[in-house]
Amino acid sequence: MMLMTRALWCVLASGAGLFATAFYMEYVMGLVPCALCLAQRIALGLTLFATALVLITPHWGRAISAFLMLIFAGLGAALAGRQVWLQSLPPDQVPDCGPDIYFMLDRFPLTESIRAMLLGTGNCAEVQWTFLSLSIPQWTLVWFIAYALVGGLALVITLRQAPKALSV
């Protein structure tokens, strides 16, 4: 369990680094996050919250928290995967660009704004930055898959220790 605890702390530390990087890119580099980027930030925040719960809750709470961590990281991977797919489309197949998500939240019904946030628009297909030839959503997809693996492993380890916890 000690190795799992370290892995969970690594998830928290790297997730904090991802948040710091996102805010640096937005406020210092001037990159405007698209709707899917913001949805991925929400999924990351939920994943990190569930990870913290895994570390602080007793046994069955730990299992539930690990399951939530797995679900939230899977949601983030799905959102990042959708954006990677949008970025891979030929230019003639990219959906139309919509208004900025902040504008939509201010002027459109919440359901329409959430739909745009989850499905993305043509704005989400734009590659604004790369590192080692991977775009931002490709990197977040890698991180979300890693977080989902850690969450799944934490769930399995917690459930395997269930008989021991119940007999004490």
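The values are calculated or read from the model by the stated rules, or taken from the named source; none is laboratory data. It should be emphasised that the depicted structure is a prediction, and the values quoted were computed from it without experimental measurement. With ideal geometry, Cβ positions are generated from the backbone for all residues, glycine too; neighbour counts draw on all protein chains shown.
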Query - Residue identified as under 13 Å from Pro137 (Cα atoms), touching a Lys or Arg at 6+ places or on another chain (Cβ under 8 Å) and not polar (S, T, N, Q) among Ala22, Ala77, Ala39 - result: Ala22
Query - Check on Phe49, within 26 Å of Glu126 (Cβ to Cβ), assigned to a helix (DSSP H, G or I), aromatic (Phe, Trp, Tyr) and without any contact (Cβ under 8 Å) to a residue 60 or more places away in the chain - result: no
Query raised in the report: Which condition does Ala13 not pass, out of (1) surrounded by 14 or more Cβ atoms within 10 Å (Cβ to Cβ); (2) modelled with pLDDT of 95 or more, if it passes all the others?
Result: (1)
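Quick check on Ala73: is it farther than 17 Å from Leu153 by Cα, small (Gly, Ala, Ser), in a helix (DSSP H, G or I) and at pLDDT 95 or above? Spell out how you get there, then give the answer.
On the way: farther than 17 Å from Leu153 by Cα: no; small (Gly, Ala, Ser): yes; in a helix (DSSP H, G or I): yes; at pLDDT 95 or above: yes.
Considered against the rule, which asks whether it is farther than 17 Å from Leu153 by Cα, small (Gly, Ala, Ser), in a helix (DSSP H, G or I) and at pLDDT 95 or above, Ala73 comes out as no.
Test Arg6 against the criterion of being over 13 Å from Ala154 (Cα atoms) and of a type outside the set (A, V, I, L, M, F, W, C), and give yes or no.
Details: over 13 Å from Ala154 (Cα atoms): no; of a type outside the set (A, V, I, L, M, F, W, C): yes.
So Arg6 does not fit the description; no.
One line per residue, one yes/no per condition, for (1) in contact with a helix residue (DSSP H, G or I) (Cβ under 6 Å, 6 or more places away or on another chain); (2) at pLDDT 75 or above; (3) of a type in the set (A, V, I, L, M, F, W, C); (4) under 30 Å from Ala7 (Cβ atoms):
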{"position": "Asp106", "(1), (2), (3), (4)": "no, yes, no, no"}
{"position": "Ile114", "(1), (2), (3), (4)": "no, yes, yes, no"}
{"position": "Thr121", "(1), (2), (3), (4)": "no, no, no, no"}
{"position": "Trp139", "(1), (2), (3), (4)": "no, yes, yes, yes"}
{"position": "Val142", "(1), (2), (3), (4)": "no, yes, yes, yes"}
{"position": "Tyr147", "(1), (2), (3), (4)": "yes, yes, no, yes"}
{"position": "Arg160", "(1), (2), (3), (4)": "no, yes, no, yes"}
{"position": "Ser167", "(1), (2), (3), (4)": "no, no, no, yes"}
Query - Of the criteria (1) at pLDDT below 90; (2) out of contact with any Asp or Glu (no Cβ under 8 Å at 6 or more places or on another chain); (3) not in a loop (DSSP other than H, G, I, E, B), which one Pro95 fails - result: (3)
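Please specify each residue of segment 23-48 satisfying the condition of being of a type outside the set (D, E, K, R), over 17 Å from Phe103 (Cα atoms) and surrounded by 16 or more Cβ atoms within 10 Å (Cβ to Cβ). Lay out the reasoning, then the answer.
Going residue by residue through segment 23-48, those that are of a type outside the set (D, E, K, R) are 23-25, 27-40, 42-48.
Now narrow it down to the ones that are over 17 Å from Phe103 (Cα atoms): 23-25, 27-30, 40, 42-48.
Of everything in segment 23-48, those that are of a type outside the set (D, E, K, R), over 17 Å from Phe103 (Cα atoms) and surrounded by 16 or more Cβ atoms within 10 Å (Cβ to Cβ) turn out to be Met25, Gln40, Ala43, Leu44, Leu46, Thr47, Leu48.
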